[in-house]
1. Which one is farthest from PHE60 (Cα to Cα), of the residues in region 32-44 that are of a type in the set (Val, Ile, Thr) and in contact (Cβ under 8 Å) with a residue 12 or more places away in the chain?
2. For region 72-89, check the following and say yes or no: at least one residue is under 30 Å from ALA35 (Cα atoms) and free of Cβ contacts under 8 Å to residues at least 12 places away in the same chain.
3. Just to be sure before I move on: is GLN77 out of contact with any helix residue (DSSP H, G or I) (no Cβ under 8 Å at 6 or more places or on another chain) and either within 28 Å of GLN177 (Cβ to Cβ) or surrounded by 15 or more Cβ atoms within 10 Å (Cβ to Cβ) (or both) in the structure I sent?
4. Looking only at region 1-31, which residues are touching a residue at least 40 places away in the same chain (Cβ under 8 Å), surrounded by 15 or more Cβ atoms within 10 Å (Cβ to Cβ), among the hydrophobic types (A, V, I, L, M, F, W, C) and more than 13 Å from PHE49 (Cα to Cα)?
5. Pull up region 138-177, narrow it to residues that are assigned to a helix (DSSP H, G or I) and basic (Lys, Arg), then point me to the one that is surrounded by the most Cβ atoms within 10 Å (Cβ to Cβ).
6. Hey, any hits in region 128-136 for a residue that's in contact (Cβ under 8 Å) with a residue 24 or more places away in the chain, in the same structural domain as GLN66 (by TED's automatic domain parsing) and within 17 Å of TYR98 (Cα to Cα)?
7. For a quick check of your reading of the model, give me the residue pairs whose first member lies in region 138-161 and is assigned by TED's automatic domain parsing to the domain that holds TRP126, whose second is of a type in the set (Asp, Glu) and at pLDDT 95 or above, with beta-carbon atoms closer than 8 Å and at least 6 apart or on different chains.
8. Regarding GLY88, is this residue of a type in the set (Gly, Ala, Ser) and either in a helix (DSSP H, G or I) or at pLDDT 95 or above (or both)?
Amino acid sequence: MSYLNREQRRESILDAAKKIALSEGLAAMTVRKIASEAQISVGQIHHHFSSSSHLKAEVFLCLMQQLDEIANTMETQDSIAHLLLLLGCINLEYAQPYFRLWNEAEILAKHDAELNNAYNQAMQEWHQSIQQVIQQGQDQNIFKKNHPSEDIAWRLIAFVCGLDGIYKLGLQGLKEQDFTRHTQIIIKAELF
């Protein structure tokens, strides 16, 4: 392997860790597995990251920001379609590993302070993306302005997170299309 400077080595570690996280999850991100994927020694990882929790938190944030960037560059027919995309209602094959990662981080964050901080930051960034779409729609008089976009964004997030919990439990036979239908109803109730 050719010589990499400090920043290049750190990026190669992050790339290897992101690949493992997307394919196998955060729990599979062991230092040994990452070192093997990056073709470096375990010591190199410890040299660049203070702990495995630090590395997991950074990888999780990078991947959630990557998902947000992808979603924000996708063409959608209108503001509602863009909201549905950001709220996870449009089933895109590429997004599934990111959604699994989000769900896993939610569970692991309860026992890992660094991952908890990263999860909270990702939630804030998700909220910001949704708020921007709502604010743009309000500025263009597409959406009503009865409530601040910040409040509406939190309510939409709370709704889809709750609905996702019901969906995961399989309660009342909720299907994927029902998830989207219910989310469309709440968007219309909030914004029109």
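1. It comes out as ILE40.
2. No - not one qualifying residue is present in region 72-89.
3. Yes, satisfied.
4. Those that are touching a residue at least 40 places away in the same chain (Cβ under 8 Å), surrounded by 15 or more Cβ atoms within 10 Å (Cβ to Cβ), among the hydrophobic types (A, V, I, L, M, F, W, C) and more than 13 Å from PHE49 (Cα to Cα): ALA21, LEU22, LEU26.
5. ARG155
6. yes
7. So the pair list comes out as HIS147/GLU190; ILE152/GLU190; ARG155/GLU190; LEU156/GLU190.
8. no
The values are calculated or read from the model by the stated rules, or taken from the named source; none is laboratory data. Just so it is clear, the model here is predicted, and its values are computed rather than measured. Every residue, glycine among them, receives a Cβ derived from its backbone with ideal geometry; neighbour counts consider all protein chains shown.
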